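Here is the structure we will look at, set down as structure tokens.
All of the numbers you see were taken from the coordinates with simple rules; none came from a lab. Everything numeric here is computed off the predicted structure, so don't read it as measured data. Neighbour counts are summed over all protein chains in view; Cβ atoms, including those assigned to glycine, are modelled from backbone coordinates with ideal geometry.
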């Protein structure tokens, strides 16, 4: 897959005197699996919030498929193919996964106010929703209330809700946060198996997961891009090890 799915040029963001994003130039190729890492306070979530329109930049531009979306509100970005998940689940605990995903798909199809009408009218959408849950490995829990799902499966459901919007760029903000170690591998296997036409940018602190699943890594420090490259180069970079991985640089 070729082409650029998402790009930023000269992106800046400050909160008062604190500059949290500083001249970030970033390119996400179509179909990429790209990790965004850095120490706490590096500006990773702020960067995601700028990409999605949750925050306006002070300067710079954001392009989706070559189109400037810097001034678009979040919902318009979703309609153009940009979706995200959050560090903390934003789910409806009393709905089942099938109900929740069907709601999102009804919104995408423009029939969100009609989905509770006779089932036959929404059957195709319901079947599409169920097929997505099966694809992501949680089809067996389609009719179980979300509050009763294991936390790892709730995180997969959040990805399902994002995928239900039919994105071609998916932003995952610490998808394994709070997930037990035995479930985080399962979660990333789901992410790894996503369609190749979807570019994925994910924030993750577990370096084992980063180096296992990312094809490219960007390191943010104090709102600036410190390094970007393939996992092997990032793992061997002395400055990255010094400021992030905690390994001293020796001359």
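Structure summary
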| item | result |
| --- | --- |
| Residue among 157, 170, 209, 220 that alone is in a helix (DSSP H, G or I) and touching a residue at least 40 places away in the same chain (Cβ under 8 Å) | 157 |
| Check on residue 84, closer than 21 Å to residue 158 by Cβ and in contact (Cβ under 8 Å) with a residue 12 or more places away in the chain | yes |
| Residues (closer than 26 Å to residue 188 by Cα and crowded, with 17+ Cβ neighbours inside 10 Å) located in the stretch 54-85 | 64, 77, 78, 81, 82, 83, 84, 85 |
| Those residues of the stretch 133-151 which are crowded, with 22+ Cβ neighbours inside 10 Å and not in a loop (DSSP other than H, G, I, E, B), in sequence order | 133 |
| Selection count where residues are exposed (fewer than 10 other Cβ atoms within 10 Å of the Cβ) and touching a residue at least 24 places away in the same chain (Cβ under 8 Å), scope the stretch 2-17 | 1 |
| Residue within the stretch 89-96 that is at negative phi, in contact (Cβ under 8 Å) with a residue 12 or more places away in the chain, surrounded by 21 or more Cβ atoms within 10 Å (Cβ to Cβ) and touching a helix residue (DSSP H, G or I) at 6+ places or on another chain (Cβ under 7 Å) present | no |
